[in-house]
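Comments concern the structure below.
The values are calculated or read from the model by the stated rules, or taken from the named source; none is laboratory data. Just so it is clear, the model here is predicted, and its values are computed rather than measured. Backbone-built Cβ (ideal geometry, glycine too); neighbour counts: all protein chains shown.
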Amino acid sequence: MLWKGEIIELEKTVDIAVCQQEIVFENKYCNLSKIFKNVLRARKDGADIIFFPEMTLTGFSMNIAKTSESDFDNINKIKKIASENNISIGFGWVKPTGAKAENHYSVVSNVGEIVFDYVKIHPFSYAKEDMFFYSGEKVCFFNINGVEFSAFICYDLRFPEIFQIASKNADVIVVAANWPSVRKEHWECLLRARAVENQCYIIGVNCFGWQEDIYYSGNSCIFNPDGKKVCSFEEKESVMVFKLLNDTERYRKGFPVKKDRKIDMYKKLL
């Protein structure tokens with residue numbers, strides 16, 4: 001029973017589509033067509049936003065002369081797809097920046113405006129990504145239906161410090177990736193760990209299929225703030241819509257781990 005004057009803040013929901021896309025290596029035309037097709041599928045199922053993998057338009061390539069969006073024509077096309085279908089779109093792309101490039105993950109709103117633009121903080125030096133891409137320096141945020149999001153890219157998943165920074169504000173953190181099958185056990189283990197450590201939703205969006213001689217098995221999934229897997233994909237190209245209830249704060253109040261973090265001490269230990 002509600003007493004007169006009592007205010008109850010209802011937990012908000014957002015319908016999230018995760019697209020485990022089979023990326024055609026370095027073929028922007030084919031991948032843009034796939035984006036359009038998968039957006040239509042997601043919108044038909046009532047999604048408010050759809051998330052695609054890292055470097056959605058090209059796959060994980062160091063050929064920045066070929067992958068860079070020098071005229072931003074494809075970015076404008078994605079803006080148009082978003083506005084015409086009344087859906088927000090999260091996607092990865094390459095921006096030319098001087099001698100190198102930047103690995104971006106952006107979100108376009110349902111009215112065709114960029115509301116989130118993140119640059120990968122940790123280029124994957126094992127694959128020489130750092131030789132072709134500059135590092136980002138900011139953690140970014142965006143809001144959908146009153147739910148606060150942040151996002152990182154692939155190799156960032158191995159660095160828990162930035163997730164703690166993001167989860168100060170974010171209820172949901174997206175990890176967009178081109179994560180090879182050979183390390184798929186790491187992928188799921190780290191996604192679950194980030195969810196448990198930060199007590200927030202973690203959405204892992206991976207690609208599927210072959211890119212040159214590397215196989216990507218997908219394994220996209222969603223973990224809730226308690227570390228429980230609430231959504232997962234079979235090994236194929238697929239779009240799945242999940243109704244996310246923003247109960248992050250309830251988890252944190254029920255088991256208040258974050259209040260015991262000793263940030264000033266951690267800085268001294270460094």
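For region 62-89, give me each residue that is crowded, with 17+ Cβ neighbours inside 10 Å, out of contact with any Pro (no Cβ under 8 Å at 6 or more places or on another chain) and either under 25 Å from Phe133 (Cβ atoms) or hydrophobic (A, V, I, L, M, F, W, C) (or both).
Thr67, Asn74, Ile75, Ile78, Lys79, Ile81, Ala82, Ile87, Ile89
Which residues, taken from region 221-237, are of a type outside the set (Ser, Thr, Tyr) and either closer than 19 Å to Asp171 by Cα or not in a loop (DSSP other than H, G, I, E, B) (or both)?
Matches in region 221-237: Cys221, Ile222, Phe223, Asn224, Pro225, Asp226, Gly227, Lys228, Lys229, Val230, Cys231.
Find the residue count for region 238-263, including only residues that are assigned to a loop (DSSP other than H, G, I, E, B) and crowded, with 18+ Cβ neighbours inside 10 Å.
1
Within region 168-177, which residues are more than 21 Å from Trp93 (Cα to Cα) and either out of contact with any strand residue (DSSP E or B) (no Cβ under 8 Å at 6 or more places or on another chain) or free of Cβ contacts under 8 Å to residues at least 40 places away in the same chain (or both)?
Once the filter is applied, which keeps residues that are more than 21 Å from Trp93 (Cα to Cα) and either out of contact with any strand residue (DSSP E or B) (no Cβ under 8 Å at 6 or more places or on another chain) or free of Cβ contacts under 8 Å to residues at least 40 places away in the same chain (or both), region 168-177 yields Lys168, Asn169, Ala170.
Filter region 90-113 down to the residues that are of a type in the set (A, V, I, L, M, F, W, C) and more than 17 Å from the chain's Cα centre (by Cα), then identify the one that is farthest from Asp130 (Cα to Cα).
Val111
Tell me yes or no: at least one residue of region 131-139 is touching a strand residue (DSSP E or B) at 6+ places or on another chain (Cβ under 6 Å) and acidic (Asp, Glu).
Within region 131-139, none of the residues are touching a strand residue (DSSP E or B) at 6+ places or on another chain (Cβ under 6 Å) and acidic (Asp, Glu).
Would you please list the contacts, defined by Cβ atoms under 6 Å and residues six or more apart or on different chains, that run from a residue in region 127-154 that is more than 18 Å from Thr67 (Cβ to Cβ) and among the small types (Gly, Ala, Ser) to a residue that is at pLDDT 95 or above and assigned to a loop (DSSP other than H, G, I, E, B)?
Short answer, once both residue conditions are applied: Ser150/Phe141; Ser150/Ala170.
Are any of the residues in region 182-191 in a helix (DSSP H, G or I), of a type in the set (Asp, Glu) and under 23 Å from Lys44 (Cα atoms)? Explain how you work it out, then say what you get.
Taking region 182-191 as the starting set, the residues that turn out to be in a helix (DSSP H, G or I) are 182-191.
Going one step further and asking which of them are of a type in the set (Asp, Glu), we end up with 185, 188.
Imposing the further condition that a residue be under 23 Å from Lys44 (Cα atoms) reduces the set to none.
Taking every residue of region 182-191 in turn, none turns out to be in a helix (DSSP H, G or I), of a type in the set (Asp, Glu) and under 23 Å from Lys44 (Cα atoms).
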